[in-house]
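Bear in mind these aren't lab numbers, they're just calculated from the coordinates by the rules spelled out. This structure is a prediction, so every number in the text was calculated from the model and none was measured. No Cβ is skipped: glycine too gets one built from the backbone with ideal geometry, and neighbour counts run over all protein chains shown.
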Amino acid sequence: MEKFMQWIDERYPLTETYNEHLAKYYAPKNFNWMYYFGSLALLMLVVQIVTGIFLTMHYKPDARLAFESVEYIMRDVPWGWLMRYLHAVGASFFFIVVYLHMLRGMLYGSHRSPRELLWLVGMVIFLCLMAEAFMGYLLPWGNMSYWGAQVIISLFGAIPYVGDGLTEWIRGDFVVADATLNRFFALHVIALPLVLAGLVFVHLIALHKVGSNNPDGIEIKKNKGPDGIPVDGIPFHPYYTVKDLVGVSVFLMIYFAVVFFMPEFFGWFLEHDNFTPANLLQTPTEIKPLWYFTPFYSILRATTNTLLPYLAGVALVTMVLAVMAVKNLIGRALIVGATVVFIAGLFTLEAKFWGVVLMGLSIVLLALLPWLDRSPVKSIRYRGWMYKTAITVFCINFLLLGWLGTQGVDETKTLLAQVGTIIYLLFFVLMPVYTSLDKTRPVPERLTK
Amino acid sequence: MKRTVFLICLLLAPLAATAAGGNGQLDEVKIDLRDKQALQRGARLFVNFCLSCHSAGYMRYDRMGKDLGIPEAVLKDNFLFSAHRPGDLMKATMPHDDAKLWFGTAPPDLSLVARSRGPEWFYTYMRSFYQDEVSPSGWNNRVFPHVAMPHVLYEWQGTQQAIFHKDEHGQQHFERFELTKAGSMSPEEYDAAMHDLTNFMVYLGEPAKLHRYNIGVFVLIFMAIFTLLMYALKKEYWTDVK
Ligand code: HEM
């Protein structure tokens, strides 16, 4: 055995890789349950790929056959129903896991230096995941798949000049049709999964370069013993491999409970309207995306003409803060100039266009967190009341926007979504202010329990 | 940790409530897929009265026979139309285009209607046909206004009239049905038959439902034991972490 390993190691750094990423990768010893979600995301990626392969064996990417082939999988393929439910419910669970994974980052300041790049890679993963889910959702060719895709793709039509050409280019037709289904299939089953797998690899390499953060937000690498090993670190393997197995088991139990007992999850994971085939002549009463897109969808819908003046207000606040932060004259001039152009744009271009911009911005803002957060401490454990209040309001607001996105629009709901949109923006725009004003508590030298 | 679980439950409760809501005007119906007798009665009703116009085109006869415990001989004699073989899909006997000509709309495939519309909607629909001169077919339906489908079971249910009242804005509101001519069944018998049919439609929407609960119980028991084992393993390893 030893000889064999030596033979391998002379030709491939197997032992070295094993040590660097598992046996001698030192992780902080105080991870809590929020730290399960990274490995759970990895697990879900594998689950989606494996179940997806089995579905692809029977699925037919053809507008005339797609719906039927899915029902064929559900009824005639042995264990086909299980593969489909694991995959469809899996998509929702993937998002639950990733949202909690991101929340963990915001709670413990994991996006802060030196992990900015790790966070950015994560954001790109998030974007890819959204694209992956969106394209996958068209494949069963149900009526909600169809109209959901129709509505979301037509959003690009709001972009001035190139909009119409762009939507046609995406669809490959004047409406969502067979051509669209075929290209979404190609992107969903091979292009995006490849990109995702590559990005996840980069994500992990970036993580292992800088090391994990922890619920205390303390850099364990700053306190090394004489052997060069962080005193508060423990080898990832076996300690965290066995611990993650506990997390995996509990997670699988919840996931399987949903898969076997309520795969539709009251219409939240599999929508009722998607059990009728796509029909160009019959629009569902409420066209809505699945729950994981609805916070952003809400922001999109909330952007009407009445919201634009308030957006101008937010832009002005941003401008004042940016001018105060930037000390040189040219920088300030650029900021003022950009704001003037933006506000002029607000009142000349259609609100619909700004809805699309705002939806994109609401994701970009998340990517900027490492630079917006000015607190001297990382973890919420040592922050003052301001950040704690802000992040609580942000979470409730995010859920509220998500819920509103699943509902039809009326006056109160639109108003609520508009208030929610402004709160969402202010959380980020005002962050440099409240995180630097906030009273923090001293951070201990060593990890706490 | 306990607090977190509690919070998560709190968050989920309204989700379930809002998602299940919607049209509050539907009659309740209890689904019990373990009742094979009821499923068989529902299947017979469906094959005899609905399959002439509607397909259940994702479902095969023999699969249904196996799932519901119908012997093959009985299946052949009582369920199959002469042109069909047991392995065939349950396609309507009436050609699609003829149906379209006669009713104005082709009768839709019913394989998934209990999933897309919900069992309550279906049960209510089957009980809510009423006579209406305004409608070309003479029939209307409370949950499907101006439906093109005639009330095919009127001989059982009898005929009923809908009583509406006008509110102060002149809007019509449904109040109740009034039987104008008794059918061959009492209202209770008719409701029981529709209950069987609804039960069957739920099965038809998702045959795997018959099995997935049973498998799920075993899976969860296995996962519970596995979780305990993993927890013990973790505890063992972590004793030396101070
Ligand atoms: C396919 C999706 C993803 C996978 C498979 C994945 C995987 C992982 C894994 C295995 C870890 C280490 C374990 C842990 O700390 O929980 C990790 C850490 C991390 N991830 Fe992700 N991740 C994904 C998406 C994201 C996204 C969308 C973001 C945020 C934009 C993100 C940001 C981070 C950060 C900041 C860390 C370091 C956390 C810390 O050290 O405190 N990840 N990721």
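When the P(r) of segment B:94-190 is calculated, the portion above 20 Å amounts to 46% of the C-alpha pairs. Computed from Cα atoms, the angle from the helix B:2-20 axis to the main principal axis of chain B rounds to 10 degrees.
Please work out, to two decimal places, the log10 of the ratio I(q)/I(0) at q = 0.11, 0.15, 0.26 Å⁻¹ from a Debye calculation in which every Cα of segment A:340-421 carries one identical scatterer. Values returned for q = 0.11, 0.15, 0.26 Å⁻¹ are -0.44, -0.77, -1.28.
Rounded, prolate or oblate: which fits segment A:304-449 when a ≥ b ≥ c are the square roots of the eigenvalues of the alpha-carbon gyration tensor, with rounded for a/c under 1.5 and prolate only if a/b beats b/c? Oblate, because a/c is 1.5 or more while a/b does not exceed b/c.
Geometric descriptor of segment A:10-73, per residue, is 142 Å³ (volume of the convex hull of the Cα atoms).
Normalised by the number of residues in segment A:15-268, the average gap of Cα pairs under 8 Å and 6 or more apart makes the relative contact order 34 percent. The region of chain B that goes longest without hitting one of the GluC sites (Glu not before Pro) in a DSSP loop, each with at most 12 other Cβ atoms within 10 Å, is B:29-132. Each of A:135, B:201 has some number of other Cβ atoms within 10 Å of its Cβ, and from fewest to most they run A:135, B:201. Compute the distance from the alpha-carbon center of segment A:370-433 to that of segment A:112-138, in whole Å. So the two Cα centres are separated by 20 Å. Would you mind pulling out the separation of the Cα centroids of segment A:44-90 and segment B:66-121, in Å? Spelled out, the Cα-based centre of one part sits 24 Å from the other.
Across q = 0.10 Å⁻¹, segment B:137-242 modelled as identical point scatterers on its alpha-carbon atoms has Debye log10 I(q)/I(0) values of -0.58, in the order of the q list. When only alpha carbons of the protein assembly as shown are considered, Rg and Dmax amount to 29.6, 96 Å. Taking a span of 15 Å or more along the helix axis (Cα atoms) and a mean Kyte-Doolittle hydropathy of at least -0.5 as the rule, the DSSP H helices of chain A that qualify are A:37-56, A:80-108, A:116-138, A:143-155, A:192-210, A:241-261, A:308-325, A:329-348, A:351-367, A:385-406, A:411-429. When its C-alpha radius of gyration is set against 2.2 N^0.38 Å (N residues), segment B:23-234 gives a value of 1.24.
Per residue of chain B, what 222 nm ellipticity follows from adding -39500 (n - 2.57) for every DSSP H run with n ≥ 4, rounded to the nearest 500? Result for chain B, helices only: -15000 deg cm²/dmol.
Comparing A:212, A:189, A:30 along the charge dipole axis of segment A:15-268, the residue lying farthest to the positive side is A:30, per the Cβ-charge model. For segment A:68-157, the square roots a ≥ b ≥ c of the C-alpha gyration tensor eigenvalues yield an a/c of 1.5 or more together with a/b not exceeding b/c, which makes the shape oblate. Taking GluC sites (Glu not before Pro) as exposed when their DSSP state is a loop state and no more than 14 other Cβ atoms lie within 10 Å, the longest site-free interval of chain A runs over A:1-285. Under 12 Å from the Cβ of residue A:230, count the other residues' Cβ atoms, weight Lys and Arg +1, Asp and Glu -1, and hand me the total. With Lys, Arg at +1 and Asp, Glu at -1, the neighbours total +3.
Equivalent-ellipsoid semi-axes for segment A:131-267 (Cα gyration tensor, √(5λ), whole Å, largest first): 44, 23, 13.
Among the lysines of chain B, pairs that are 8 or more positions apart or on different chains and have alpha carbons within less than 18 Å of each other number 8. When shorter helices are ignored and each DSSP H run of at least 4 residues is given -39500 (n - 2.57), the per-residue value for chain A at 222 nm works out to -20500 deg cm²/dmol. Against the compact-protein benchmark of 2.2 N^0.38 Å, the Cα-based radius of gyration of segment A:146-204 scales to 1.36.
Farthest towards the positive end of the charge dipole of segment A:257-400, among the residues A:310, A:285, A:267, is the Cα of A:310, using unit charges on the Cβ of Lys, Arg, Asp and Glu. Straight-distance candidates among the lysines for linking to residue A:378, with alpha-carbon spacing under 21 Å and chain neighbours fewer than 8 residues away dropped: A:29, A:209, A:221, A:222, A:224, A:388, A:439, A:449. Which of rounded, prolate, oblate describes segment A:107-186, given a ≥ b ≥ c as roots of the alpha-carbon gyration tensor eigenvalues and a/c under 1.5 marking rounded, otherwise prolate only if a/b is larger than b/c? Note, shape of segment A:107-186 comes out prolate.
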